[in-house]
Each structure stands twice: as structure tokens, then as C-alpha cells.
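Each remark here refers to the structure printed beneath this line.
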Amino acid sequence: MSTTTNVRSSAGALTLPAKYYASPAVFQYEQKTVFPAHWSYVGHIREFESVGSFKTVTIGNDPIVVVRSAPEKLAAFYNVCRHRGTMVEERSCGVLNNGSISCPYHAWRYDMTGKLVAAPNMQNVDGFDAEDFGLIGVDVCEKFGFVFVRLNSDAGVARDYLDPLQEILRPWDVANQVRCGKLHYQVNANWKLLFLNYSECYHCPIIHPALSKLTPYKSASNELVSAPVLGGPMNLKEGVASLTESGDAVGPIYPALNVTQKHEVRFFTIFPTMFVSPHPDYFMIHRILPQSCSQTSVSCEFYAPKSTVDSDQFDIQSAMKFWDTTNRQDWKVSEMAQTGISSSGYRPGPYSNLESVLVQFDRYYMSCMCGFENE
Ligand code: FES
Ligand SMILES: [Fe+2]
């Protein structure tokens, strides 16, 4: 599905009508239909290191629990009791007691495969068979060091769409790295405006003076041009080792990178919940969690090899400060876009040829919204 090209053309496309950014009905359809059809980011594989370790997340409207059910196996379920629907796990993460999930309401208990193994006072109920009341499972996978879940595998979206990125990210070996920093933001803008903003550097010379000193904004090229995964590299300027406050690396360059990769930063979006940004010396992700049509929660996480993190010279702060500044610049302009698009003065406008990825994003998004248009 992926192809590599540097031809960048917007083909005269216009930005989308305002309702896609400002309508609660659109947002509800996205949550009910579009998000469940795609892989959603859950966390790093190290968060599931020991058998019984778990994490809870909300995908669209649905609470989900993901658990390491065996040394080589992950399992994911709706976090919904089969008795009267209570959330069975209220903690955000941890290790399951005795390897089982016990509902806090009437103590129905499930094993790590989701099977109902105890249901007090149910043995004399006519027709009751515990076999029929296991937790309802959902798809789970690990790719390039991160765990993803998908609630609806029957919506026609290919199962393997993360694979091209897995191949590209192999030299970074993220599964064997540790998290060394995290930033968090609440942004008053629609989640798609954050994806669009992240997918072009047309705005970089104006919005990001510090970033523009480190990477030429016109050096961006497209590598994955077929949604749901889009993006590609930007070159670092001569003498710049990475995107940090000083332009110096935070630690050693990843040894498996080729000569070209050592002088680039790559930026990918994974529709609809994640940005992935491998740098020559550290690895950054953004988790995008929509709250409403005009509010999005974002976390920005930093990873590096444990040996790098443990060394005296390691300086992730230099990268975190750089990205905190850059993130805030992006959120501010996205919030201003949200305000403008939500006004009756908004009309769809023409994309530049530097925004060809945005055209691909919009096309893919609109293909996901066919059902909404027909409703
Ligand atoms: S709702 Fe879970 S045991 Fe009753
Ligand atoms: Fe930006």
C-alpha cells in the first residue's frame, strides 16, 4: 500500500467544510464508527512487561482493558462486566491481583483470557452458563514497540496498514527503549486540525523560528503517501545533529541508522490517534485523544535506549524544551484555526503544493465518513 514519491501537488484541493471540525454530530459519528475501525495507540510494550500487567484506555466511547495474558501474548477486552455492565477495572494501569479481573460490584471474576471463572450466587439461576458470559474481546497487536487495539475489524480497513511503518522504524528498535520524558496538553482544537498541522511545514518559518534554524522547511518529502499512515523525512541543516534547543544530540546516535537517516528527522501520522517522530538520537511520539469536536488531549512522550538514559551526558531536557516550545506554537495556531473555522466567515480555502499530505489525509478521512453522509 505504501509508495515513495517526492512529487508534491495539492491538485487544486480545498480544505473541508466547517462541520467536519465543529459539528458534535460529526464528532459522535467519528467516535462511534471511524475510531473503532482503526488501530488506536494504547502504550509502549514495556508497560506490559510482566504477565498480569494491564492498562485501561478509552477508544471512542468504549472503555477497554489490555493485559499481558501470557509471556508472548496480549489480550484486550471491553472493560464492561457481563453481569450488569459495570467497568471491571477502574485503575489506569497496574498488575492484576491473582491474575484475574474481579468486578467491584458483585465480584464476578474473569481470568486473563476473559473467561468468567466465578459468579457468586449464580449457580442456581435457570439457564445460566458461565461459558456464555466471558468479557468481550477486541483485536490487539504490537507494532514497532507500541501496543494498539482495534474494536471493529469488519469495517473494511486492512489489518496490516501499520506494517510499512514497522519496516521503516526497524533501525530505531523502540521496543527495547525506555520512556525518559512526557509532556501533556489540553488543546482547544479539533483532533484533525492537529493532524493537518503536523503534516506540513509551510507554516514553519512563520510559527517556528527555532525549528527553522535546524531544518529547512522545504526539505520535507513524502515517504508514505497512502493513508491511514502518512509522512516522511526532513533534512537537518549542516552541523545540526538533532532537534534540540542547542541542535546537539541528547546522546549517542542510534547505531543501526544509515548515513541518510543520521541527518534526518522523520514525521509520520497514524490515523487517528498517533504521531511518530524518530530522531537520530531519540524517539518521540504524540498521543492524540479527542475529547469533543473542539477539544483534544495530547501527550508527547520521549524514548531512548536505557544505556543512553543512564549515562551522565544524556540531556533529554534539551529535546523536551525544544518540543514543548514547538508544540505550544502548533497548538496556539490550531486553536486560532478552530475559532476561525467555527465562524460563519469560514469558506473552504485552497491547499498549497506544500500541503499535499493534507489532501491525502482529507481524502482518506472523507472515505471513512461515507456512512455519515448517507445517514
Ligand atoms: S456488575 Fe459486575 S458483578 Fe455485578
Ligand atoms: Fe508546526
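What follows draws every value from the coordinates through simple rules; no lab data is involved. None of these values were measured; they are calculated from a predicted model. Note that each Cβ is placed from the backbone with ideal geometry, even for glycine, and that neighbours are counted across all protein chains shown.
How big is Rg to Rh over segment 80-210, alpha-carbon atoms, Rh as the Kirkwood inverse-mean-distance radius? Kindly include the intermediate steps, with their values, before the conclusion.
Numbers: Rg = 21.6 Å, Rh = 19.6 Å.
Here the Rg-to-Rh quotient is 1.11.
FRET efficiency for the Val51 to Gln123 pair, using the beta carbon distance and R₀ = 25 Å, is estimated at 0.25.
Can you give the relative contact order of the chain as a percent, counting alpha carbon pairs under 8 Å and 6+ residues apart? Please list the in-between numbers first.
Values: 740 pairs, mean separation 81.9, N = 375.
With pairs under 8 Å counted, the relative contact order is 22 percent.
Converting phi to 3J(HN,Hα) with the Karplus coefficients 6.51, -1.76 and 1.60 and the offset θ = phi - 60°, segment 248-255 yields 7, 6, 7, x, x, 6, 4, x Hz in sequence order, with x at every glycine or proline.
Quick one: in segment 88-149, what % of C-alpha pairs are over 14 Å apart?
Numbers: 1223 of 1891 pairs.
Value for segment 88-149 (Cα pairs over 14 Å): 65 percent.
Taken about its Cα centre, segment 104-163 carries a charge dipole of about 240 debye when Lys and Arg each add +1 at the Cβ and Asp and Glu each add -1 at the Cβ.
To the nearest 20 debye, what charge dipole does the chain have about its Cα centre, counting +1 at the Cβ of each Lys and Arg and -1 at the Cβ of each Asp and Glu? Provide the component values of the computation, followed by the final result.
Values: 31 positive and 37 negative charges, 116 e Å.
Using only the charged Cβ atoms, the result is roughly 560 debye.
All other residues whose Cβ lies under 14 angstrom from that of Gly349 are scored, Lys and Arg at +1 and Asp and Glu at -1, for a net of -2.
Which percent of the Cα-Cα distances in the chain go past 35 Å? Mind showing how you got there, number by number?
On the way: 20137 of 70125 pairs.
Considering the chain, 29 percent of its Cα-Cα pairs are separated by more than 35 Å.
Which of the residue pairs Lys213/Lys262; Lys192/Lys237; Lys115/Lys143; Lys182/Lys213 have a Cα-Cα distance greater than 22 Å in the structure shown? Result: Lys192/Lys237; Lys115/Lys143; Lys182/Lys213 exceed 22 Å.
The calculated FRET efficiency for the pair Ala130 and Gln295, based on their C-beta separation and a Förster distance of 45 Å, comes to about 0.60.
Once every DSSP H run of n ≥ 4 in the chain is given -39500 (n - 2.57) and the sum is divided by its residues, what mean residue ellipticity at 222 nm do you get, rounded to the nearest 500 deg cm²/dmol?
Working: 10 runs with 84 residues, N = 375.
After summing the helix terms and dividing by residue count, I get -6000 deg cm²/dmol.
Considering only Ala13, Ala107, Ala319, the Gaussian network model of the chain with Cα springs below 10 Å gives its largest mean-square fluctuation to Ala107. Unpaired Cys in the chain, meaning no second Cys C-beta under 4.7 Å: Cys93, Cys141, Cys180, Cys293, Cys300, Cys368, Cys370.
Each Lys and Arg adds +1 at its Cβ and each Asp and Glu adds -1 at its Cβ; summed about the Cα centre, segment 16-138 shows a dipole of about 320 debye.
Computed over the Cα atoms of segment 255-357, what is the convex hull's projected area averaged over all directions, in nm²? Let's see the in-between values first.
On the way: hull surface 35.7 nm².
Directional mean of the projected Cα hull area for segment 255-357 stands at 8.9 nm².
Simple spin-label estimate for Cys141 and Ala107 gives 4.1 nm between the two label positions (7 Å along the Cα-to-Cβ direction from each Cα).
At 0.36 nm per residue, minus the direct Cα-Cα distance, what do Lys321 and Asp163 gain on full extension? Give it in nm, one decimal, please.
That works out to 53.7 nm of additional length.
Kindly provide log₁₀ I(q)/I(0) values, in the same order as q = 0.11, 0.12, 0.17, 0.18 Å⁻¹, from the Debye equation applied to equal alpha-carbon scatterers of segment 136-244. Normalising to I(0) and taking log10 leaves -0.52, -0.62, -1.21, -1.31. Annotation: aspartates and glutamates with alpha-carbon distance below 17 angstrom to Lys321 (same-chain offsets under eight excluded): Glu245, Asp248, Asp281, Glu301, Asp330.
For segment 12-35 versus segment 115-144, the spacing of their alpha-carbon centroids is 36 Å. Measuring from a point 7 Å past the Cα of Asn176 along Cα-to-C-beta, which residues in segment 279-316 have an amide N at less than 17 Å? What the label zone holds, given the 17 Å backbone N cut-off, is 281-283, 303-311. With a ≥ b ≥ c taken as the square roots of the eigenvalues of the C-alpha gyration tensor of segment 141-195, please select rounded if a/c is under 1.5 and otherwise prolate if a/b is larger than b/c or oblate if it is not? Verdict is oblate for segment 141-195.
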